[in-house]
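Beneath this line is the structure, given in structure tokens, with notes to follow.
The values are calculated or read from the model by the stated rules, or taken from the named source; none is laboratory data. No experiment lies behind these values; they were computed from the predicted model shown. For neighbour counting, all protein chains shown are included, and Cβ atoms are generated from backbone atoms with ideal geometry for every residue, glycine included. With ligands, DNA and RNA removed, areas are computed over all heavy atoms of the protein, side chains included. Shrake-Rupley method; radii C 1.70, N 1.55, O 1.52, S 1.80 Å.
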Amino acid sequence: MTRFVLAPLALLLVFASACSSDDSDKSNAVKLDGLIHATVLDEASKGVPGARLCVVDRPEIPCVKSDDLGIGDLKVPKDVELVLSIEKAGYLSKRFQIISEESLESGLNSFGFQSVEWFQSLAGILGGSIDLGLGMVSLQTDPIEGVKFDLSPKSGSTKGPVQLAFEGTTPVLCTPSATTCQLGVTGYFDVPAGDYRATFSAPGKTCTPKAFACKDGTPACVELKVVPGTLTYASMPCQ
């Protein structure tokens, strides 16, 4: 599956512009004191120019496009849960569930963003079973052998979990003899649109969500919203 490193936040104090000098207007302005500084990389680890980065359901936060190297700087509020969307023609749209306090260090980090062609090759190794019009879910934790994931409800024609290995950039099914399986990563395919929960478990470790924890207090559980034709990504540390 995809590799993903949460983008760090540089301390950058920016206030949204107000239409008047009224103090109440200023107090309600959006404080954009964080910065997602990241490069959008395709399946060959090459920068993707012209990818549109937005924060879902936050129209007051301006979207940006990645530059010729695939780099984009998106000003965001700090210390809040965000869903970052990345879109471009020819690529499968992707949503990353993150929290903007993940790191206060500066530096460039990456978001994996695969082409439709890559997913079509993936469909081939899964017996042509992927419907790109439906949703997908990718889950990741630390590289731990034996980690387990559960996506619920298991509705419609949801397929998974599926773990992959790689031969270069070509995905192959992970088998006991494979040596390049991505530990701590799994995927679900043909997921109908809707609200889901994912639980994580790892032998001898405690998995604790940093963002989008299940509201009913279920441990090691995150909530996800799946939309058509989009891969939704969520992660959780297990230590």
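Residues of the range 155-202: accessible area per residue at 1.4 Å, in Å²?
On the way: 2170 Å² over 48 residues.
That works out to 45 Å² per residue.
Can you give me the solvent accessible area of Leu92 with a 1.4 Å probe, rounded to the nearest 10 Å²?
Its accessible surface works out to 10 Å², give or take rounding.
Would you mind computing, in nm to one decimal, how far apart the modelled labels at Val80 and Thr206 are, each placed 7 Å from Cα along Cα→Cβ?
About 3.0 nm separates the two model spin labels.
What nm value, rounded to one decimal, do you get for the distance between Lys46 and Cys214 when each label is placed 7 Å out toward the C-beta?
4.2
Please list 3J(HN,Hα) in residue order for the range 121-128, calculated via the Karplus relation 6.51 cos²θ - 1.76 cosθ + 1.60 where θ = phi - 60°; whole Hz, with x for glycine and proline.
5, 5, 4, x, 6, 9, x, x
Take the residue pairs Lys75/Lys225; Lys154/Lys215; Lys148/Lys225; Lys65/Lys148; Lys31/Lys159; Lys65/Lys225 and return only those whose Cα atoms are more than 29 Å apart. Working shown, then result.
Working: Lys75/Lys225 23 Å; Lys154/Lys215 19 Å; Lys148/Lys225 20 Å; Lys65/Lys148 36 Å; Lys31/Lys159 41 Å; Lys65/Lys225 24 Å.
Flagged as over cut-off: Lys65/Lys148; Lys31/Lys159.
Under 5 Å between amide hydrogens, which residues at least 5 positions from Phe166 or on another chain qualify, with H placed 1.01 Å from N in the peptide plane?
So Phe166 has HN proximity to Val172, Thr180.
Considering only the other residues whose Cβ falls under 12 Å of the Cβ of Thr141, what net charge follows from Lys and Arg at +1 and Asp and Glu at -1? Working shown, then result.
Values: positive: Lys148, Lys205, Lys210; negative: Asp142, Glu145.
Net charge in that neighbourhood comes out at +1.
Rounded to a whole number, what % of the accessible area of the range 35-119 do carbon and sulfur atoms account for, probe 1.4 Å?
On the way: 1790 of 3850 Å².
With neighbouring chains kept in place, the figure for the range 35-119 is 47 percent.
Of Ser85, Val64, Leu74, which is farthest on the positive side of the dipole of the range 55-98, counting Cα position, with +1 on Lys and Arg Cβ, -1 on Asp and Glu Cβ, and the Cα centre as origin?
The listed residue farthest towards the positive side: Ser85.
Got a sec? Charge dipole of the range 131-216, +1 on Cβ for Lys and Arg, -1 for Asp and Glu; which of Thr169, Ile144, Phe212 is way out at the positive end?
Phe212
State the percent of C-alpha pairs, over all pairs in the range 26-75, separated by a distance greater than 12 angstrom. Present the calculation step by step, with values, prior to reporting the outcome.
Details: 802 of 1225 pairs.
Percent of Cα pairs beyond 12 Å in the range 26-75: 65.
Given H placed on each backbone N at 1.01 Å, which residues far from Gly160 in sequence or on other chains put an amide H within less than 5 Å of it?
Phe189
Rounded to the nearest 20 Debye, what is the dipole magnitude of the range 53-191 about its Cα centre when Lys and Arg each give +1 and Asp and Glu each give -1 at the C-beta? Kindly include the intermediate steps, with their values, before the conclusion.
Values: 10 positive and 18 negative charges, 76 e Å.
Roughly 360 debye, rounded to the nearest 20.
So the label point goes 7 Å from the Cα of Lys154 along Cα→C-beta, right? Which residues of the range 195-218 then have their backbone N under 18 Å from it?
195-201
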